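First comes the structure, then the notes that go with it.
The values are calculated or read from the model by the stated rules, or taken from the named source; none is laboratory data. It should be emphasised that the depicted structure is a prediction, and the values quoted were computed from it without experimental measurement. Here the Cβ positions follow ideal geometry from the backbone for every residue, glycine too, while neighbour counts run over all protein chains shown. To get the accessible areas, we keep the full protein, side chains included, count just its heavy atoms, and leave off ligands, DNA and RNA. Shrake-Rupley method; radii C 1.70, N 1.55, O 1.52, S 1.80 Å.
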Amino acid sequence: MANRERVLITGPKALSEVLVTKNYVFEKPPGLRNSIGRILGEGILLAEGDEHKIQRKNLMPAFAFRHIKDLYPVFWQKTREVVQAMDNHILADAANQPTSTDPEKAGKTAIIEVGNWASRVTLDIIGVAGLGRDFGAIQDENSELNETYRQLFAPNRQALILNLLSQFLPEWFIGRLPVKRNEDVNAASRYIRSVCRSLVQEKKQKIARKEPTDHDILSVALESGGFSDENLADQLMTFLAAGHETTATSMTWAIYMLARFPKVQERLRQEVRELLPPIDSDTDITSLDIDHMPYLNAVCNEVLRYYSPVPMTLRETNQETEILGHKIPKGTRVIIAPWATNFDKSLWGPDAHEFNPDRWMPTNADDKRAASGGATSNFAFMTFLHGPRSCIGQAFAKAEFACILAGWVGRFEFELKDEEQRDEKNIEIKGGITARPSKGMYMRATIVDGW
Ligand code: HEM
């Protein structure tokens, strides 16, 4: 493309060379820093080489499971809050404009756009659990931060054209073109940075006053002492953007798949209602409650495999190197595509293209294969990548995804608003870092009594 060679790698051996053995030879393309760097900050996601190693080492404790497990109550409290808000919304809407002729559902069914609710709850979760501040997006969808991200991630013609131009022109040049999209991105970047700077200052003052330490990721990162205030603000920008759109995308596709496969939805609802405390009760949950829900974990894993929120990512060689013995010149672009590897029949078996949560369900106590969905290699599941640059937020993401999905399916029944969408081909997907339906995901949601 644009007279530049591209290498697409999909097999386990090549992936392990690029992501593990020679990880720091395959860098993020420098242009990314100018484009997504404005929104994601110059944090760990864009650091390279030794700088990345140090940042990763300092941030790891904050993302270790022994710390994430303390955040489950936050994930559950926010799930309860969003379910309550959705309940109110559905009841009010159903009273105003009934959408169901079924007498059993009358008064408790409404059309909702699930992506919007998903973004609001994940923004609030990363706010409280990651940064120690409640952004209030569940209660107010027009809160400034939510609105800023909504505009940034909405499909945009100028963004598409600028993206296309970046194949031919340097990113620094494109970033300076006097067009509205650049002005909007710069304004958004200024606002998000100011929020992150103020969070760092607030937290430092709290620590100086010797107030009890919080469990959030920022507090743990501050304790490491390895970051300047400005760099910490950059890291927070990264967590905010990388940590809420991705999980919201997973939630959107999860609800879509459950609406397409009502039996899976029903079986999941049964497990949730049997094993978790009613959503209206004040009872907290722990990581063990979620661990002991095999079907919930199976559905989450299968959604993450089938609709990896990040469909592909890029690398560029910083020196001449080899992949599987083939010479790769310096400056070559390498494409890693979870959307290809996650569907590889040679790794997953002949049903790789089917949505089948049961592939993750152990058939007996000794069944070890189910933990990897029956795949023949660790590198078959590429949703979070692997190696030193894999998603540092993986445990966080899986935990919050499981909690929100449990809460939503426990309380609501989801049906497609538009039957045409049962065929995946009829869903237009918005390109970008994450792949979401470009026109939203509209569902008929019904409150199911009794939990
Ligand atoms: C379902 C949810 C998520 C998915 C699918 C996902 C996926 C990914 C992927 C594919 C990468 C590697 C990108 C690349 O190197 O090209 C990545 C990196 C990263 N993710 Fe996630 N992510 C998710 C949630 C989160 C959350 C919740 C957080 C933070 C709380 C987070 C923080 C990060 C960070 C900081 C990196 C950079 C790691 C590094 O370069 O060392 N992610 N993620």
Legend entry - Per residue accessible area of region 339-425, 1.4 Å probe, in Å²: 45 Å²
Legend entry - Relative contact order, percent, the chain [alpha-carbon distance under 8 Å, six or more residues apart]: 27 percent
Inset, instruction - Please report, as a whole percent, how much of the solvent-accessible surface of the chain comes from carbon and sulfur atoms (probe radius 1.4 Å). - result: 53 percent
Inset, instruction - Enumerate the amide H contacts of T321 below 5 Å, restricted to partners 5 or more residues apart or on another chain; note that Pro and chain-start residues carry no placed amide H. - result: I328, K330
Inset, instruction - Search the structure for amide H atoms under 5 Å from the amide H of R436, placed 1.01 Å from N in the peptide plane, and list their residues when 5 or more places away or on another chain. - result: K430
Legend entry - Extension gain (nm, one decimal) between Q394 and Y191, 0.36 nm per residue minus Cα-Cα: 70.4 nm
Legend entry - Whole-Hz couplings from phi, Karplus 6.51/-1.76/1.60, listed for region 228-238; x for Gly and Pro: 6, 4, 5, 5, 5, 4, 4, 4, 5, 4, 5
Inset, instruction - Please say if region 201-310 is rounded, prolate or oblate, where rounded means a/c under 1.5 for a ≥ b ≥ c the square roots of the C-alpha gyration tensor eigenvalues, and otherwise the choice is prolate for a/b larger than b/c and oblate otherwise? - result: oblate
Legend entry - Summed residue charge, Cβ within 10 Å of Y24's Cβ, Lys/Arg positive, Asp/Glu negative: 0
Legend entry - Relative contact order (%) - criterion: Cα under 8 Å, at least six apart; region: region 74-133: 39 percent
Legend entry - Extension reserve of the E223-E428 stretch, reckoned as 0.36 nm per residue once the Cα distance is removed: 69.3 nm
Inset, instruction - Just report the Cα centroid separation between region 14-51 and region 95-109, whole Å. - result: 50 Å
Legend entry - Shape of region 386-451, Cα gyration tensor, a/c cut at 1.5: oblate
Legend entry - trypsin sites (Lys or Arg not before Pro) within region 1-75: DSSP coil, no more than 12 neighbouring Cβ in 10 Å: R4
Inset, instruction - May I ask you to order 216-223, 332-339 by the average number of other C-beta atoms within 10 Å around their residues, highest value first? - result: 216-223, 332-339
Inset, instruction - Please give every one of the lysines within straight-line cross-link reach of K203, meaning a C-alpha to C-alpha distance under 28 Å, and leave out same-chain neighbours fewer than 8 residues apart. - result: K53, K57, K69, K78, K398
Inset, instruction - Determine the relative contact order of region 214-297: mean sequence separation of Cα pairs under 8 Å and six or more apart, normalised by residue count, in whole percent. - result: 17 percent
Inset, instruction - Calculate, for H326 and D366, the FRET efficiency according to 1/(1 + (r/R0)^6) with r their C-beta to C-beta distance and R0 30 Å; round to the nearest 0.05. - result: 0.15
Inset, instruction - Hey, for a label at I111 modelled as a point 7 Å past Cα toward Cβ, could you say which residues of region 396-428 have their backbone N under 11 Å away? - result: 417-419
Legend entry - Cβ-Cβ FRET estimate between D184 and N142, R0 fixed at 25 Å, reported to 0.05: 0.90
Inset, instruction - Using a/c under 1.5 as the rounded threshold, could you call the chain rounded, prolate or oblate? The axes a ≥ b ≥ c are square roots of the C-alpha gyration tensor eigenvalues, and prolate needs a/b larger than b/c, oblate otherwise. - result: rounded
Inset, instruction - Please give the solvent-accessible surface of H326 in Å², to the nearest 10, using a probe radius of 1.4 Å with every protein chain present. - result: 120 Å²
Legend entry - Summed residue charge, Cβ within 13 Å of T79's Cβ, Lys/Arg positive, Asp/Glu negative: -3
Inset, instruction - Sort 439-448, 231-240 for me by packing, meaning the mean count of neighbouring Cβ atoms within 10 Å per residue, highest on top. - result: 231-240, 439-448
Legend entry - Accessible area, probe 1.4 Å, largest first, for residues R193, R305: R193, R305
Legend entry - Heavy-atom accessible area order for R260, R369, R389, largest first, 1.4 Å probe: R369, R260, R389
Inset, instruction - May I ask for the distance between the Cα centers of region 392-428 and region 275-342, given as a whole number of Å? - result: 16 Å
Inset, instruction - Just add up the charged neighbours of S438: K/R +1, D/E -1, any other residue whose Cβ is under 11 Å from the Cβ of S438. - result: +2
